[in-house]
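Step one of this worksheet: look at the structure below.
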Amino acid sequence: PPEKKRITSRGGKVVVWPNQPARVFGSAGFGLAVSRSIGDFALHPYVVGDAELTEHQLSREDIFAIWASDGIWEYLGNAEVVRMIVESEALEKRNDLDTAARRLCNRARECWRAQTNGSYQDDITCVIVQFNELPGSAKRPLGLSRSMSDGIASTSTEVL
């Protein structure tokens, strides 16, 4: 893949262990499960903050999107995260995306505690944006939610 080539051409190393996401290593002695990050200067130039942008024309099939830190994705897969959001009924209530984001962060925190015996937890942050109605749900304003695992920031606003 192009991302792996970008990393290795700069002298970095990509390592994949069983049942773990790929990790980027450099001379810092530790690896990250992301190849693009804001901060993480110890792994520069392998892990960079340059965004990889794509455009997507939204359609009726695009119900929501989740942006989350690697602390969410370390132990939770795409299907589980989507299922948690849909089953929470937050998309039907529309004003409950904040609760869904908190539940997602709490579930990630539980996984970290179980996997590390409570000794470590990565950053856990997510944003959920709803674009369209779930099929069969009542019409309500579209929503935006942000939740952080430390409880410092939590906002819910309407997307215009």
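The values are calculated or read from the model by the stated rules, or taken from the named source; none is laboratory data. Predicted, not measured: the structure shown is a model, and the values here were computed from it. As a convention, Cβ positions derive from the backbone with ideal geometry for all residues, glycine included, and neighbour counts pool all protein chains shown. Protein only, heavy atoms only, side chains kept; ligands, DNA and RNA dropped before computing areas. Shrake-Rupley method; radii C 1.70, N 1.55, O 1.52, S 1.80 Å.
The table for this structure:
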read-out	value
Cα Rg, Dmax, region 76-127, angstrom units	11.9, 37
H44 paired with V16, simple spin-label distance in nm, labels 7 Å along Cα-to-beta-carbon	2.9 nm
Size of charge dipole - region 1-102 - debye, nearest 20, with Cβ of Lys, Arg +1 and Asp, Glu -1, no other charges	580 debye
Region 47-59 - phi-based ³J(HN,Hα) in whole Hz, Karplus 6.51/-1.76/1.60, Gly and Pro as x	9, 10, x, 5, 6, 9, 9, 9, 10, 9, 7, 5, 10
N132 paired with A33, simple spin-label distance in nm, labels 7 Å along Cα-to-beta-carbon	3.1 nm
T54, T99, ranked by accessible area, largest first (probe 1.4 Å)	T54, T99
Between region 1-20 and region 22-95, the alpha-carbon center distance in angstrom	17 Å
Cα principal axis extents for region 41-82, largest first, Å	41, 27, 10
³J(HN,Hα), Karplus 6.51/-1.76/1.60, whole Hz, each residue of region 25-39, x for Gly, Pro	10, x, 8, 6, x, 9, x, 10, 8, 9, 10, 9, 7, 8, x
For region 1-125, with +1 on Lys and Arg beta carbons and -1 on Asp and Glu, the positive-most of V47, T125, A108 along the dipole	V47
At 1.002 mPa s and 20 °C, Stokes diffusion of region 25-116 via Kirkwood alpha-carbon radius, µm² per second	138 µm²/s
